[in-house]
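The values are calculated or read from the model by the stated rules, or taken from the named source; none is laboratory data. Bear in mind that the values here come from a model prediction, so they are computed numbers and not experimental data. Positions of Cβ are backbone-derived with ideal geometry, glycine not excepted, and every protein chain shown enters the neighbour counts.
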Amino acid sequence: MAQITKNQIFNTKKVVYLLLAVTAISSVVVSFRTDAFNGVPKDDKTKPPVAKEEAGEADSVISKKAFLQAYKVLMHPRCMNCHPTGDRPLQGDDSHIHTMNVQRGEDGKGLYAMKCSNCHQPQNTPGLHMPPGNPNWHLPPADMKMVFQGKTPRQLAMTMLNKNENGHKDHEALIEHVSKDSLVGSGWDPAEGLAHLPMTRAEFVKHFKTWLDKGAYLPDK
Amino acid sequence: MVKLKINQKEYSVDASPDMPLLWAIRDVVGLTGTKFGCGMAQCGACTVHLDGEAVRSCVTLVSRAVGKEIVTIEGLSANPDNYLQKAWIELDVPQCGYCQSGQIMSAAVLLKENPDPTDEDIDSAMSGNICRCGTYPRIRKAIHLAAKMQREGGSGK
């Protein structure tokens, strides 16, 4: 009789501890979701996260940290120089406005006798201060400028997620773009004398993917 | 040997695929109207047309030009509708003349795409062609005149 009572007490305690543990874990998970972002720029703090479960649990801390890493690449001259605020590309490690009054044009490929590929060859031209190259050298088109220049991490993350600003890309298309696009890749193959990006493309893609997979949260600033 | 089509004529050129097109045009084929300026796509003196686009031949490799239509200033002059050259002569545009073939090749692309350019359009199209003598005001005037000739099919007067 005494033995049965002891077992019953033990089982009751086990259930209580288990319930406590579940409650504690749930609290932690809920606390990470308080400022979730679901891809809609307006009133982002009020909406719950959506469709984040396929690649693991949403996690605002990991997501935001990953974007801040990717931001180092996105705002580097090798990427940002072709995502200017105006209609003129930028040049060099100091991101000065492209000499020779080069302009975007409707399709992002320049104007008249001043088209990008008139000077930018399919490959880098060897030598200092020579034009870097890619077969598809261009800016974003005039109706989808995809501006990076001057944006904070939070603002840039919003641009990345807004289909009206990102070339109508969903998460999958964004990852495909940063992973495989040849012109994006040319950022990792700078012309002679130009600064290199601070991490490999694989590392960048990993951070970018983590940002999206963990909930695509907006950085705080 | 590399086959190049320059000004509607086929040439077998003894050039390596990574030779700048400018060298093949000037030194191998012997068409010296196209000039060497900076050698780094900064001045526009070497501008020729590659499938209708105003490429800088000093940085364009022979390999890129294979199978494409190359037109030099000599090819443009052969055209009876060479309104640009006529306007250039009419207004005495050149001073030393060194940059002028490149200027005209760039202007030709502008007039093909925009038959009635404004001053702003001309600046947008021509800013990659530098003139050490500073003939820019006459270049602009001549482009307006050539555009008028092109539209009216005459002398523009």
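What to note about this one:
- Sole residue being within 11 Å of chain A (Cβ to nearest Cβ), buried (at least 17 other Cβ atoms within 10 Å of the Cβ), of a type in the set (Gly, Ala, Ser) and in contact with a Gly (Cβ under 8 Å, 6 or more places away or on another chain), chosen from B:GLY37, B:GLY44: B:GLY44
- B:CYS38 modelled with pLDDT of 95 or more and within 13 Å of the chain's Cα centre (by Cα): no
- Residue within segment B:107-114 that is in the same structural domain as B:ILE139 (by TED's automatic domain parsing), free of Cβ contacts under 8 Å to residues at least 60 places away in the same chain, touching a Ser or Thr at 6+ places or on another chain (Cβ under 6 Å) and surrounded by fewer than 16 Cβ atoms within 10 Å (Cβ to Cβ) present: no
- Residue in segment B:98-114 that is farther than 14 Å from B:THR47 by Cβ, assigned to a loop (DSSP other than H, G, I, E, B) and more than 12 Å from chain A (Cβ to nearest Cβ) present: no
- Criterion (in contact (Cβ under 8 Å) with a residue 40 or more places away in the chain and among the acidic types (Asp, Glu)) met by exactly one of B:GLU120, B:GLU74: B:GLU74
- Scanning segment A:98-107 for residues that are within 12 Å of chain B (Cβ to nearest Cβ), outside any helix (DSSP H, G or I) and surrounded by 13 or more Cβ atoms within 10 Å (Cβ to Cβ) gives A:HIS98, A:VAL102, A:GLN103, A:ARG104, A:GLY105.
- Test: residue in segment A:110-117 that is in the same structural domain as A:LYS72 (by TED's automatic domain parsing), within 28 Å of the chain's Cα centre (by Cα) and part of a loop (DSSP other than H, G, I, E, B): no
- Flag for B:ILE89 being part of a helix (DSSP H, G or I), crowded, with 21+ Cβ neighbours inside 10 Å and either modelled with pLDDT of 95 or more or within 12 Å of the chain's Cα centre (by Cα) (or both): no
- The residues on offer are A:ASP87, A:ASP94, and the sole one that is more than 13 Å from chain B (Cβ to nearest Cβ), within 25 Å of the chain's Cα centre (by Cα) and surrounded by fewer than 18 Cβ atoms within 10 Å (Cβ to Cβ) is A:ASP94.
- Taking first residues from segment B:51-64 that are at the interface with chain A (Cβ under 7 Å from one of its Cβ atoms) and partners that are among the basic types (Lys, Arg), the Cβ contacts under 7 Å between residues at least 6 apart in sequence or on separate chains come to B:GLU53/A:LYS115.
- Helices (runs of 4 or more DSSP H) wholly inside segment A:132-211 that include at least 2 residues being among the basic types (Lys, Arg) and surrounded by fewer than 13 Cβ atoms within 10 Å (Cβ to Cβ): none
- Close contacts from segment A:125-149, counting a first residue that is more than 14 Å from chain B (Cβ to nearest Cβ) and a second that is part of a loop (DSSP other than H, G, I, E, B) and of a type in the set (Ser, Thr, Tyr), with Cβ to Cβ under 7 Å and a gap of 6+ residues or different chains, come to A:VAL147/A:THR85; A:GLN149/A:THR85.
- Top-ranked residue of segment B:51-80 - restricted to ones that are at pLDDT below 95 and under 15 Å from the mean Cα position of the chain (by Cα), ranked as nearest to B:GLY39 (Cα to Cα): B:LEU76
- Test: residue in segment B:121-128 that is under 30 Å from A:GLN123 (Cα atoms), assigned to a helix (DSSP H, G or I) and of a type in the set (Ser, Thr, Tyr): yes
- Only one of the numbered conditions (1) at the interface with chain A (Cβ under 10 Å from one of its Cβ atoms); (2) outside any loop (DSSP other than H, G, I, E, B); (3) touching a Cys at 6+ places or on another chain (Cβ under 9 Å) is not met by B:LEU22, and that is (1).
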